[in-house]
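Worksheet: the structure to be examined is printed underneath.
Read the figures in this text as sums done on the coordinates, not as results from a lab. Keep in mind that this is a model prediction, so the values were computed, not measured. Positions of Cβ are generated from backbone atoms using ideal geometry, with glycine treated the same way; all protein chains shown enter the neighbour counts.
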């Protein structure tokens, strides 16, 4: 009976160890695959940065807007200052404030692109007070890089209207303003101007994070193998040897 229980326990522990080792090893492999995907994405971003600067005519002729994301652009057009929106809870350099976005009607077209113009600090004394931002009239040239629409944060009900908003849905905003918007935005770059800072972080695909997770999973896998080998193989073997030696001396 004791032999049966011992063998049953050994079998259960072995099955559990095999399952956990296989799981942790597969999770490590998955993180490596994710890292490879992110490296490919970073390589694509770097390739886009080396392409010639995009102008408005080339942008409007692009059939798939996703093909020009992260590419440098210099677009001519006129601001729709009345539709400027302040996106709340958007930090820059560790300070809370707004991202200021304004549609730009592209020259020679009725099509517009949403420009992420820069960052301004928030007035915490009066949370409804908006910092002054200069928006030049007439034709302007805006330099930047093509980017996805502004990222979205958790949003409370009723926070999608007015000049101060938590998020901006491009389709809903286009319908609200009657402005045809491209399915991308322009992240304006350059020195501070018009009351705005533009210390945008460089695109980060998070490759190092996946390698870090992979190391943790593989380390846990190795630990499980080591613990299993020590407690289920080495220690029982040493006990058996010790018992044999004692029996031999006794006889």
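Say we join alpha carbon atoms closer than 10 Å with springs in a Gaussian network model of the chain; which of 166, 80, 134 then has the biggest fluctuation?
Judging by the Gaussian network model, the answer is 134.
Can you tell me how the chain classifies by the Cα gyration tensor, rounded, prolate or oblate, using a/c under 1.5 as the rounded cut?
Values: a/c = 3.86, a/b = 2.92, b/c = 1.32.
Prolate.
Of 195, 226, 206, which is the most mobile in a GNM of the chain whose springs link Cα atoms less than 10 angstrom apart?
226
Gaussian network model of the chain, Cα springs within a sub-10 Å range: biggest mean-square fluctuation belongs to which of 71, 50, 122?
Result for the chain, Cα springs under 10 Å: 50 fluctuates most.
Helix-only mean residue ellipticity at 222 nm, the chain, DSSP H runs n ≥ 4 weighted -39,500 (n - 2.57), per residue, nearest 500. What is it?
On the way: 5 runs with 100 residues, N = 251.
Computed mean residue ellipticity for the chain: -13500 deg cm²/dmol.
What FRET efficiency comes out for residue 169 versus residue 109 if R0 is 25 angstrom and r is the Cβ-Cβ distance? Round to the nearest 0.05.
On the way: r = 23 Å, r/R0 = 0.90.
The value I calculate is 0.65.
So the label point goes 7 Å from the Cα of residue 176 along Cα→C-beta, right? Which residues of the range 97-113 then have their backbone N under 14 Å from it?
Those under the cut-off are 101-103.
Looking only at the chain, where both bridge partners belong to it, what percent of the DSSP beta bridges are antiparallel (to the nearest 5)? Don't skip to the end; give the middle numbers.
Values: 29 of 36 bridges.
Just about 80 percent of them are antiparallel.
In percent, what relative contact order does the chain have, based on Cα pairs under 8 Å that are 6 or more apart in sequence?
Working: 368 pairs, mean separation 60.6, N = 251.
Result for the chain is 24 percent.
Could you check the simple spin-label distance between residue 44 and residue 152, using points 7 Å along Cα→Cβ, in nm with one decimal?
Result: 2.1 nm between the two label points.
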